[in-house]
Amino acid sequence: MSLKISGMIAVLACGLVACSEEAPHTNLTLATVNSEHIANAAATPEAWLSYGGGYEEQRFSRLEQINQQNVHELGVAWTYDLQTSRGVEATPIVVDGKMFVTGAWSIVYALDAKSGEEMWVHNPQVSGEDAAIGCCDVVNRGVAVHEGKVIASIFDGRLQALDAQTGEVLWSVLTVDKSKPYTITGAPRVVKDKVLIGNGGAEFGVRGYVSAYDVHTGELAWRFYTTSNPNKQPDGAASDGIFAAKANDTWGDTGKWTSDGGGGTVWDSIIYDTSNDNVIFGVGNGSPWNATLRDPEGVGDNFFLSSIVAVDADTGAYKWHFQTTPRDQWDYTATQTLILADLPLGEAGQARRVVMQAPKNGFYYVLDAKTGEFISGKNFVPITWASGLDPQGRPIEHPDARYTEKEFLGVPGPMGAHNWHPMAFSPQTGLAYIPAQQVPQLYQSLPEGQSAKSKWNLGADYAAGIPPTYPAGTLDVIRASYTGTLLAWDPVKQQERWRVEHKGPGNGGILATASGLVIQGTLRGNFTAYNAETGDKLWAQSVNSGIAAAPSTYAIDGEQYVAVATGWGGGWALNNGQGWDEAVAPDIGRVVVFKLGGTGAIPDPMENFVVKQPKGETFGTADQISVGFQLYAESCMVCHGPLVISSGVLPDLRWSYQTADAETWHEIVMEGLLSDSGMTPFDKVLTNEDAQNIRAYVMDQAWLAVANGDAQAPTK
Ligand code: CA
């Protein structure tokens, strides 16, 4: 679709957005799309130009063709199957009738946005070895577009510019030190002529930063580190000034941070405040989590862990920061959705430019966008770790919350009260829509003298609170403690307006529209439209696969479309199998697109042939099983699930023939038989005996499930 013909725009716009508004001349094409279009994204609602739908990342569309009265007429316009299963987290980008979306393994797909016809596919060939150093599945949250280029972030740390017409690689740069366990899952953002990208890896031990690259050449323009250089000397980076002036003093001189980087990865949210020319980004948790190991002699706040940081867009120079969780101890990242908005906060109700976030720690924050000043904050879910915020916005911690003397039941746990799943804000209703959740976690320091063999680097005992054995009915109790909620939140009054309870956490990101709709999918595969004012359900359809990503919306030839990328996986699905009682079977990733009167169909779900049945006998002494339990928690659990219950994204080890066979198990765990799929060998961290002890624990759990009536006894 070309929007060069202004008469056509007027016709299109009149049916799609409020007719009283003059449609501007935009000249928006794949070749011309640039930062100015993104800055004025509201003027081109027929496109979805960046991850959050514009620099403010409100995920609010002015398209109104699909509204509260006709939303029940939505039907499938087309579907497109991605090449992989596993987690899908991307928001489809649409410009000039073309859609760009990513799936697992950082594969980029270019599609005709009207028909779903494939234009090209770019597979950057991420290795299984690189996949093994990610915390939360081989996911990717999408691309950026700029003047004929598609900018793609790759799981292994590369950043690439692709020709938007052909998928050809125009430039490719490595943004990380490959000797360290860095990964990238976040979507790049283009601001003016620079590409902004961060990375992840704080659970394994890295030093976080955000970088800006020249969009034309891939040359590094500036970099801002989020933790101190271990020797507290300058990096020759944009962050040097503020570290010398202020931030270095918030770190001691010894501890794990000096060898492992301290964490603070910028793995998701990056926005651009055009009115102050600031790039604002969210910073992740400390590494290791446990601050007494990370920074034992220090008492400082460890800048800029768990902070929202604003820097100059051109130079990366520090402007302001607000730390949500000083001296983080709980994996309370502040990487979650950042949204810019004008809220009626002045004395006479005048608008004030604010930045808002609902980070993992459970508080909803409203800050002044120009200065970072704390305006207000309130917990949006029940929490145990803090009783509230002081007048400066600093949390008032529960005296036991740091789990130094004894264990502490944290709500939220490390999955967060809100994770990466994008929230939305409607300037029309004045409400934020948060994919909130409750996933408690028992935090416990790693006991003195116990060596963690894990590749993970937490300083906390990952086996805490997990029973080695348990009676029938335990799983129901665990599941009941996990909730997922679509929360409509008034950021001015700092109070809840309405809520919809889902069955379990990990649900999809949100889209809000000017026609009063809020649209969200769930990990159980329901795609639902709600009344934005009341939360009343207006329409729902099963997509036969889990949804974690956020939808986007666009228009072509006078028709509005709603697109969502489906596919089950990601951090929640991988490492919380016990939270599922009727898990959606894993399926191929897919783009599903709806329009009014659509008559297409979504392919039937793949059949799940797994029979819950041990394939061998129990073996090993109680001691061996106990050792295997601890080792499993440290090295296996985050992918294969607590209690060895898989949610189905990866094989359930309890029902695997490989578990029953000592030699095959050895070949997989110690020799890397399945390296290509990300199951790299553990021979550097485990002994052969360790590996068999883990197998003994897994087999013990298989038979425990039989004893508890959760699985069938093998048939002879
Ligand atoms: Ca983390």
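The values are calculated or read from the model by the stated rules, or taken from the named source; none is laboratory data. On a predicted model such as this, the values are computed, not experimentally measured, just so you know. Backbone-built Cβ (ideal geometry, glycine too); neighbour counts: all protein chains shown. Side chains are part of the model used for accessible areas, which takes the heavy atoms of the whole protein and leaves out ligands, DNA and RNA. Shrake-Rupley method; radii C 1.70, N 1.55, O 1.52, S 1.80 Å.
Quick notes on this one:
- Extreme residue, nearest to the ligand (Cβ to nearest atom), among residues of segment 306-325 that are open to solvent by less than 20 Å² (accessible area, probe 1.4 Å) and farther than 18 Å from ALA245 by Cβ: SER306
- Segment 547-584: number of residues that are touching a Pro at 6+ places or on another chain (Cβ under 8 Å) and either modelled with pLDDT under 95 or more than 28 Å from GLU73 (Cβ to Cβ) (or both): 9
- The listed residue being charged (D, E, K, R), modelled with pLDDT of 95 or more and out of contact with any strand residue (DSSP E or B) (no Cβ under 6 Å at 6 or more places or on another chain), out of GLU46, GLU36, GLU22: GLU36
- Within segment 636-654, considering residues that are part of a helix (DSSP H, G or I) and open to solvent by 20 Å² or more (accessible area, probe 1.4 Å), the one nearest to ASN708 (Cα to Cα): LEU653
- The number of residues in segment 438-453 that are modelled with pLDDT of 65 or more and not aliphatic (A, V, I, L, M) comes to 6.
- Across segment 256-275, the qualifying residues are those that are buried (at least 21 other Cβ atoms within 10 Å of the Cβ) and small (Gly, Ala, Ser), and the one among them that is nearest to the ligand (Cβ to nearest atom) is GLY263.
- Selected residue (criterion: nearest to the ligand (Cβ to nearest atom)) from residues of segment 285-301 that are more than 24 Å from the chain's Cα centre (by Cα) and open to solvent by less than 10 Å² (accessible area, probe 1.4 Å): ARG294
- Any hit, segment 332-341, residues being open to solvent by 10 Å² or more (accessible area, probe 1.4 Å) and over 30 Å from LYS256 (Cβ atoms): no
- Close pairs (7 angstrom Cβ cut-off, 6 or more residues apart or separate chains): more than 30 Å from VAL138 (Cβ to Cβ) in segment 246-267, within 16 Å of the ligand (Cβ to nearest atom) and part of a loop (DSSP other than H, G, I, E, B) anywhere: ALA247/PHE304; THR250/ASN302; TRP251/ASN302
- Yes/no for VAL354 being open to solvent by less than 10 Å² (accessible area, probe 1.4 Å), out of contact with any Lys or Arg (no Cβ under 9 Å at 6 or more places or on another chain) and within 16 Å of the ligand (Cβ to nearest atom): no
- Filter result for the condition that a residue is part of a helix (DSSP H, G or I), open to solvent by 10 Å² or more (accessible area, probe 1.4 Å) and polar (S, T, N, Q), over ASN248, ASN231: ASN248
- All conditions in (1) in contact with a Lys or Arg (Cβ under 9 Å, 6 or more places away or on another chain); (2) part of a loop (DSSP other than H, G, I, E, B); (3) touching a residue at least 60 places away in the same chain (Cβ under 8 Å) hold for ALA202, with the sole exception of (1).
- Extreme residue, modelled with the lowest pLDDT, among residues of segment 395-404 that are within 18 Å of LEU458 (Cβ to Cβ) and either touching a Leu at 6+ places or on another chain (Cβ under 9 Å) or not basic (Lys, Arg) (or both): THR404
One line per residue, one yes/no per condition, for (1) in contact (Cβ under 8 Å) with a residue 60 or more places away in the chain; (2) not in a helix (DSSP H, G or I):
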site: ALA512; (1), (2): yes, yes
site: THR528; (1), (2): no, yes
site: ALA565; (1), (2): yes, yes
site: TRP572; (1), (2): yes, no
site: LYS595; (1), (2): yes, yes
site: ILE602; (1), (2): yes, yes
site: GLN613; (1), (2): yes, yes
site: VAL627; (1), (2): yes, no
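- Of the residues examined, GLY218 is not one that is in contact (Cβ under 8 Å) with a residue 40 or more places away in the chain, among the small types (Gly, Ala, Ser) and within 16 Å of the ligand (Cβ to nearest atom).
- Candidates ALA334, ALA386, ALA341 - the one that is touching a strand residue (DSSP E or B) at 6+ places or on another chain (Cβ under 7 Å), closer than 11 Å to SER306 by Cβ and either assigned by TED's automatic domain parsing to the domain that holds GLU405 or within 16 Å of the ligand (Cβ to nearest atom) (or both): ALA334
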